[in-house]
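The values are calculated or read from the model by the stated rules, or taken from the named source; none is laboratory data. Just so you know, these numbers come straight off a predicted model, no measurement behind them. Here the Cβ positions follow ideal geometry from the backbone for every residue, glycine too, while neighbour counts run over all protein chains shown.
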């Protein structure tokens with residue numbers, strides 16, 4: 001049995017890889033299934049009309065279904081810039097750039113971001129999600 005067969009066996013780096021795949025798939029279910037039932041996902045820099053946080057796995061699922069379902073953005077690639085392990089074995093910090101297009105115009109966008117993931121027993125307990133949403137907003141204009 002591989003470490004990815006059970007959530008408890010996933011390292012923070014493996015959870016990060018699954019997180020990025022869920023972004024590529026634009027799958028709120030894949031993403032939410034990475035979270036603990038009582039996890040918190042925070043967006044410290046939010047544009048108007050965007051939630052500042054989701055509390056709980058089902059709020060993550062519903063929130064991302066709504067956001068991704070209403071978004072004309074299609075993610076083509078998540079470029080992994082760097083991942084930093086910390087003194088806390090349950091925390092990983094990741095820099096990335098999301099590259100995609102906004103349909104139907106086909107306008108390209110790049111959105112740099114930084115994630116701080118807290119992972120305990122193979123599931124996310126807390127995320128601080130810092131993203132530059134002006135990249136998508138600029139492509140939509």
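A few remarks follow.
- A search for C-beta distances below 7 Å between a residue of the range 23-36 that is under 14 Å from residue 129 (Cβ atoms) and any residue that is surrounded by fewer than 19 Cβ atoms within 10 Å (Cβ to Cβ) and at pLDDT below 95, counting only pairs 6+ apart in sequence or on different chains, returns 23/75.
- Exactly one residue out of 73, 83, 94 is in contact with a strand residue (DSSP E or B) (Cβ under 8 Å, 6 or more places away or on another chain) and either within 16 Å of residue 133 (Cα to Cα) or surrounded by fewer than 14 Cβ atoms within 10 Å (Cβ to Cβ) (or both): that is 73.
- Subset of the range 54-75 that is in contact with a helix residue (DSSP H, G or I) (Cβ under 8 Å, 6 or more places away or on another chain) and part of a strand (DSSP E or B) - its residue that is farthest from residue 113 (Cα to Cα): 54
- Flag if residue 48 is surrounded by fewer than 18 Cβ atoms within 10 Å (Cβ to Cβ), more than 15 Å from the chain's Cα centre (by Cα) and part of a loop (DSSP other than H, G, I, E, B): yes
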